[in-house]
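Here is the structure we will look at.
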Amino acid sequence: MLYLDGPAYAQTLRQLTLWTHHVLLPVYGREVTSQSPWCPVWWEHPEAVARLHGLWLAWGDLTGPGSDMTGPAVWHRDHLSSVMDTLRDPQGPFAGCKPGMHRPKEKPTVETMDPFGPPPPPPPPSPWS
C-alpha cells in the first residue's frame, strides 16, 4: 500500500475504507476515549493506513474462499488485537485525535544527506570572495 500511487493507491484505499467502515469498525470499533483514541479521518495517518491494510490483507487470506476453518480464529489471535491495540494506544498514531477532530502529526526530522551515499558536492564559490 505504501508503494502504491495514483489510481492504484486510490482504488486500494477505497477498498480498504469499505472494509474498515463496514466490517472492522461495526464489530471491533470500541468506544473512543482519551485512553483509546480513534481518528475520524484515519486515512490521513500513513501508519494507520499501513497497519489497516495489513490487517485487511490478513483478513482476506484467513477468512476468504479456500481458507481453513480456523482462519478467523488465527486472524483474531495473530492480527486483530495487535493492530487495534497499536492504533488505539494513547501514544499511537491517533494521539490527540478526538471524535470530530483530526490532529496531524509532526514527522520526525531526518537528515537530508544520505549517510551511506557519496559525499555532497562542495558549495559553489561565493561571488564575494
When residues of segment 84-109 are filtered for being surrounded by 12 or more Cβ atoms within 10 Å (Cβ to Cβ) and either assigned to a loop (DSSP other than H, G, I, E, B) or not hydrophobic (A, V, I, L, M, F, W, C) (or both), how many remain?
14
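Say whether the condition of being over 22 Å from the mean Cα position of the chain (by Cα) and either at pLDDT below 95 or not hydrophobic (A, V, I, L, M, F, W, C) (or both) is met by at least one residue in segment 87-108.
Taking segment 87-108 as the starting set, the residues that turn out to be over 22 Å from the mean Cα position of the chain (by Cα) are none.
No, because not a single residue in segment 87-108 is over 22 Å from the mean Cα position of the chain (by Cα) and either at pLDDT below 95 or not hydrophobic (A, V, I, L, M, F, W, C) (or both).
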When both residues are 6+ apart or on different chains and their Cβ atoms are under 6 Å apart, which pairs have a first residue that lies in segment 36-65 and is closer than 12 Å to R88 by Cα, and a second that is modelled with pLDDT under 95 and surrounded by fewer than 21 Cβ atoms within 10 Å (Cβ to Cβ)?
W38/V32; C39/H102
Where the second residue is in a loop (DSSP other than H, G, I, E, B) and β-branched (V, I, T) and the first is under 12 Å from R51 (Cα atoms) and lies in segment 79-102, which pairs have Cβ atoms under 6 Å and are six or more apart or on separate chains?
none
Of the numbered conditions (1) on the phi > 0 side of the Ramachandran plot; (2) surrounded by 14 or more Cβ atoms within 10 Å (Cβ to Cβ); (3) not aliphatic (A, V, I, L, M), G66 satisfies every one except a single condition; which is it?
(2)
Hey, G60 surrounded by 11 or more Cβ atoms within 10 Å (Cβ to Cβ) and touching a Ser or Thr at 6+ places or on another chain (Cβ under 6 Å) or not
no
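Given segment 18-83, what helices (runs of 4 or more DSSP H) lie entirely inside it while holding 3 or more residues that are in contact with a helix residue (DSSP H, G or I) (Cβ under 6 Å, 6 or more places away or on another chain) and at pLDDT 95 or above?
The helices (runs of 4 or more DSSP H) meeting that bar are 46-63, 71-75.
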Filter segment 26-42 down to residues that are under 15 Å from the mean Cα position of the chain (by Cα) and surrounded by fewer than 15 Cβ atoms within 10 Å (Cβ to Cβ), then give me how many there are.
2
Take segment 104-129 and flag every residue that is within 28 Å of P40 (Cα to Cα) and without any contact (Cβ under 8 Å) to a residue 12 or more places away in the chain.
E106, K107, P108, T109
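The values are calculated or read from the model by the stated rules, or taken from the named source; none is laboratory data. This one's a predicted model, so the numbers in the text were calculated from it and none came from an experiment. As a convention, Cβ positions derive from the backbone with ideal geometry for all residues, glycine included, and neighbour counts pool all protein chains shown.
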